[in-house]
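Novice: I'd like to ask you about the structure that follows.
The values are calculated or read from the model by the stated rules, or taken from the named source; none is laboratory data. The structure presented is a predicted model; accordingly, all values stated were derived computationally and were not measured. FYI the Cβ positions are ideal-geometry reconstructions off the backbone, even for glycines, and counts take in every protein chain you see. All accessible areas refer to the heavy atoms of the entire protein, side chains included, with ligands and DNA or RNA removed. Shrake-Rupley method; radii C 1.70, N 1.55, O 1.52, S 1.80 Å.
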Amino acid sequence: MEFLGTTQVASYCGTKSCLFPDLAPTSTTRDTYQSHYLPGYRHLSSWRPSLLHKVVSVPPTPDKQLFATGQPPTVLPALRSSLHARYSTRDWHHANMVQLKGSEAFRCSASRMNTDSMRLLQDKDQLTYQMQEDSRRNLGERISNLDFWRSELSYELECLLKETQDLETAKKRLECAVDELQGPLKIALECLYHREKRQGIDLVHDDVEKSLIKEADVFKDCQEILIKLAQKISQQLSVNRNAQHALEKDLSDKNSAHFIDEKCFNLRNTSDSISFYYGVEKADGTVSVPATWAKFSEDNIRLSQHARANSAKLREDAEVALESTSEEMWNHYIGTNLAFNNRIAEVADAKNKLQAQLAKILQEIFQTEDTITLLERSIKAKEYPLKVAQTRLEGRTKRPNVELCRDAPQFQLVTEVYTLSNTLQTLKQRLQEAHDTLQKLMLNKSKLEHDISVKTNSFFIDRRCMEMRKVFPSTPRLIGY
């Protein structure tokens, strides 16, 4: 019989043979033993073993006589169920034979397993020792690699720190130079603002204003150049700090890894700190391989070297920019002062000429006022004759009928009225012209006075600007010292 729940035979015990081959039932047995159900039971075959439910067929013997129906003699109804559940003698012998063969197979399998186990123990002991030695040797090589990269990272970190310190010094010089430029730039802008107080025509875009604007632009450009360099240096300092952080982090990680690997290298089978950590070999937390591990440190060192090269170039650019801006500012400062001196001389000469012209205009105004007085008197004198002529004409219009004759007196009076009217018109026109001339002279006088005041104002503004421009930073201060 086969029992449910038996364990599987190991693979090294060979292929499992079938202990109970299926036997084909015969129609004789099936016809002989028919099912009779008892009260309270559904099927008699529900408790039978699945294997022995199929009964071996027995060939019929000549001494057994069957009836015409092929059934054995009639059995009592009370014994039919028990006869139906019994095994045959052939089944009993077959079961014993199968049990003996199975036991022998199990014994042979156990013997082979013991022999294989002894050989397996020896192999595994040797393999364990070899694997432990290989692991220890690999740890030693790993520690050597860590020492090499630690020394490389430490050297590169020292070089980077020194370069960063020099770059910070260059940045401070640039910031000092920018602060020193603020004073001259403020003076140039104040000069421009003061010159905006000039009046009238003196608000000219002269050489002084051009020089001041160019000077202010140069100062602003120099400031922008220095500020941009300072910003680039600040960005480079950030890159340097990132590279420094990467080197320090990498060095710190390698120090920690060196300590851990050295601790693991010194572990022995007799150490006190060893323990079981089940499943640790399945949790793969690694993030790199030896190639990427070495490349990571190499990339950090290369990044630091690149940052140091850029820092050195920026320091050279800062030095050149400081010297060039200092020379350029001095040149514009001297040129602007020369333009101021020339402009002050021009304004003084124009002011003197305007004052001479003003004296002539005042004399002409006096004469024009006398002419206006004479013209007004003449117009006043011509009004009375015109009144007389017009009164005569108006009186003659009252003559009756045919006496309204266009005679010589009529023609003379009309001519007289026209002539006097034209004369008055001419005198009034001339008087108007005289008044206009007087107004123009007065306006010219006002303009001259205004121009003189403007020139005086411009003269004092330029002199004041020159007083403000007496102070200018020295070259060492302009280059950041």
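Novice: How large is the Kirkwood hydrodynamic radius of region 268-331, counting all unique pairs of alpha carbons, in Å?
Specialist: Computed over region 268-331, the radius equals 17.6 Å.
Novice: Let me ask something else. Taking the Cα centre as origin and putting +1 on Lys and Arg beta-carbons and -1 on Asp and Glu beta-carbons, what dipole magnitude results for region 338-424, to the nearest 20 debye?
Specialist: For region 338-424, the charge dipole is close to 220 debye.
Novice: Can you figure out the FRET efficiency of Met468 with Glu327, using R₀ = 25 Å and their beta-carbon distance, to the nearest 0.05?
Specialist: About 0.65, to the nearest 0.05.
Novice: Right, here's the next one. Please list, by residue number, everything in region 260-295 whose backbone N is under 12 Å from a paramagnetic label point 7 Å out along Cα→Cβ of Ile143.
Specialist: From region 260-295, the list is 260-268.
Novice: At a 1.4 Å probe, what is the % contribution of carbon and sulfur to the accessible area of region 211-332?
Specialist: Using a 1.4 Å probe with all protein chains present, region 211-332 comes out at 56 percent carbon and sulfur.
Novice: Let me ask something else. Once you have the alpha carbon radius of gyration of region 181-248, what is it after dividing by 2.2 N^0.38 Å, with N set to its residue count?
Specialist: 1.83
Novice: Can you flag which of Lys232/Lys470; Lys382/Lys440; Lys210/Lys440 are past 32 Å Cα-Cα?
Specialist: Pairs exceeding 32 Å: Lys232/Lys470; Lys210/Lys440.
Novice: Please compare each pair in Lys172/Lys313; Lys162/Lys295; Lys214/Lys353 to a cut-off of 20 Å on the Cα-Cα distance and tell me which ones are over it.
Specialist: Those over the limit are Lys162/Lys295; Lys214/Lys353.
Novice: Per 5 Å bin, what is the whole-percent P(r) computed from every C-alpha pair distance within region 390-444?
Specialist: P(r) for region 390-444, in whole percents per bin: 5, 16, 17, 13, 10, 9, 8, 7, 6, 5, 3, 1, 0.
Novice: Then there is this: Determine the share of region 147-202's accessible area contributed by carbon and sulfur atoms, expressed in whole percent, with a 1.4 angstrom probe.
Specialist: Whole-percent figure for carbon plus sulfur exposure: 54.
Novice: When the Karplus curve 6.51 cos²θ - 1.76 cosθ + 1.60 is applied with θ = phi - 60°, which whole-Hz ³J(HN,Hα) does each residue of region 283-299 get, with x for Gly and Pro?
Specialist: Residue by residue, region 283-299 yields 7, 8, x, 6, 10, 8, 10, x, 5, 5, 5, 5, 5, 4, 5, 4, 5 Hz.
Novice: Sorting check: for 373-380, 341-348, 212-219, which peptide has the highest mean count of neighbouring beta carbons within 10 Å, and how do the rest follow?
Specialist: 212-219, 341-348, 373-380
Novice: What do you get for Rg/Rh of region 140-203 when both radii come from the Cα atoms and Rh is the Kirkwood radius?
Specialist: For region 140-203, the value is 1.64.
Novice: Let me ask another. Which FRET efficiency value, to the nearest 0.05, is calculated for Leu443 and Glu394 with the Förster distance at 51 angstrom and r the Cβ-Cβ distance?
Specialist: For R0 = 51 Å, the calculated efficiency reads 0.70.
Novice: Separate question: Want the number for Glu152 to Ala309: 0.36 nm per residue separation, take away the alpha-carbon distance, what's left?
Specialist: Once the chain is fully extended between Glu152 and Ala309, it gains 54.8 nm.
Novice: Compute the FRET efficiency between Phe259 and Lys282 as 1/(1 + (r/R0)^6), taking r as their Cβ-Cβ distance and R0 = 35 Å, and round to the nearest 0.05.
Specialist: 0.85
Novice: Under the 0.36 nm per residue contour assumption, what length would be gained going from the current alpha-carbon distance of Arg268 and Ala291 to full extension?
Specialist: In short, 5.4 nm is gained.
Novice: Can you work out the Karplus-derived ³J(HN,Hα) for every residue in region 191-207? Use 6.51 cos²θ - 1.76 cosθ + 1.60 with θ = phi - 60°, whole Hz, and x for glycine or proline.
Specialist: Using θ = phi - 60°, the values come out as 4, 5, 5, 5, 5, 5, 7, 4, 10, x, 5, 6, 7, 9, 7, 8, 5 Hz.
Novice: Taking the Cα centroid of region 211-279 and of region 156-189, what is the distance between the two, rounded to the nearest whole Å?
Specialist: Computed from Cα coordinates, the inter-centre distance equals 22 Å.
Novice: How far apart, in nanometres, would the label points at Tyr418 and Lys186 be if each is projected 7 angstrom from Cα along the Cα-to-Cβ direction?
Specialist: Result for the modelled spin labels: 8.3 nm.
Novice: Taking each pair of different alpha-carbon atoms in region 376-481 once, compute 1/r for the pair, average those values, and report the inverse of that mean as the Kirkwood hydrodynamic radius in Å to one decimal.
Specialist: 20.5
Novice: For region 314-322, take each phi angle, set θ = phi - 60°, evaluate the Karplus expression 6.51 cos²θ - 1.76 cosθ + 1.60, and give the result in whole Hz per residue in order, putting x for glycine and proline.
Specialist: Ordered by residue, 3J(HN,Hα) equals 5, 5, 5, 4, 5, 5, 5, 5, 5 Hz.
Novice: For region 322-481, what does the accessible surface come to per residue with a 1.4 Å probe? Please give it in Å².
Specialist: 65
Novice: Just add up the charged neighbours of Ser311: K/R +1, D/E -1, any other residue whose Cβ is under 12 Å from the Cβ of Ser311.
Specialist: Around Ser311, the surrounding residues sum to +2.
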